[in-house]
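One structure is given here, and the rest of the page talks about it.
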């Protein structure tokens, strides 16, 4: 069953990426560089996944079982890095690092921290120190 689910996921992601590339090709906003285009499409794929998860959480919360929330309903995390799920991150939560973490003036600092965590983890396979 896991193999079927993985195969379906690959087809869905590949289909999304192919449709995006086909639609955007020739558009002035689409990067000429293949590397930049791959990075942009990868970002939009991630954005789509986050959107879909957010939609399901808002409209069908019973369908989504995420063991990352504590008894208070808040994510179990330290500075945006999920405690129990490697590769899961949060931004925009109150007091993630400071009072301003949930405000526009503080989210950039927290997002930068998360970006460093992701970059370090993808390079080394181990999370950076918080």
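Taken together, the values in this text are just the output of simple stated rules run on the coordinates, not laboratory data. Model, not experiment: these values are computed from the prediction. Note that each Cβ is placed from the backbone with ideal geometry, even for glycine, and that neighbours are counted across all protein chains shown.
Given a 10 angstrom Cα cut-off, can you work out which residue in 16, 69, 90 is the most mobile in a GNM of the chain?
16
Give me 100, 122 ranked fewest to most by other Cβ atoms within 10 Å of their Cβ, as a rough exposure proxy.
122, 100
Evaluate the Kirkwood expression for the hydrodynamic radius of the chain, namely the inverse of the mean inverse distance over all pairs of different C-alpha atoms, and round to one decimal in Å. If you can, show how the numbers build up before the last one.
Working: mean 1/r = 0.0582 Å⁻¹.
Its Kirkwood hydrodynamic radius stands at 17.2 Å.
Quick one: go through region 78-115 and flag any residue whose amide nitrogen is under 14 Å from the point 7 Å out along the Cα-to-Cβ line of residue 24.
Under 14 Å, as judged by backbone N against the label point of residue 24, lies no residue of region 78-115.
For residue 84 and residue 59, calculate 0.36 nm times their separation in residues minus their Cα-Cα distance, and state this gained length in nm to one decimal.
This chain segment gains 6.6 nm when fully extended.
Taking the Cβ of each residue in 121, 23 as the centre, tally the other Cβ atoms inside 10 Å and list the residues starting with the fewest.
On the way: 121 16, 23 10.
Sorted ascending by nearby Cβ count, the order is 23, 121.
Could you work out the helix-only [θ] at 222 nm for the chain, with each DSSP H run of four or more residues adding -39,500 (n - 2.57) and the total divided by the number of residues, to the nearest 500 deg cm²/dmol?
Using -39500 (n - 2.57) per qualifying helix, the result is -19000 deg cm²/dmol.
Test of understanding: what is the full-extension gain from residue 37 to residue 111, defined as 0.36 nm times their sequence separation minus their Cα-Cα distance?
Going from the current span to full extension adds 24.4 nm.
Working out 0.36 nm times the residue gap between residue 46 and residue 16, then minus their Cα-Cα distance, what length gain in nm do you get to one decimal? Provide the component values of the computation, followed by the final result.
On the way: separation 30, 0.36 × 30 = 10.80 nm, distance 1.12 nm.
This chain segment gains 9.7 nm when fully extended.
Just the C-alpha atoms of region 1-65: what Rg/Rh do they give, with Rh taken as the Kirkwood radius? Walk me through the intermediate numbers first.
On the way: Rg = 14.6 Å, Rh = 13.6 Å.
Radius of gyration over Kirkwood radius for region 1-65 works out to 1.08.
Given an 8 Å cut-off on Cα distances and at least 6 residues of separation, report the relative contact order of the chain as a percent.
For the chain, the relative contact order is 10 percent.
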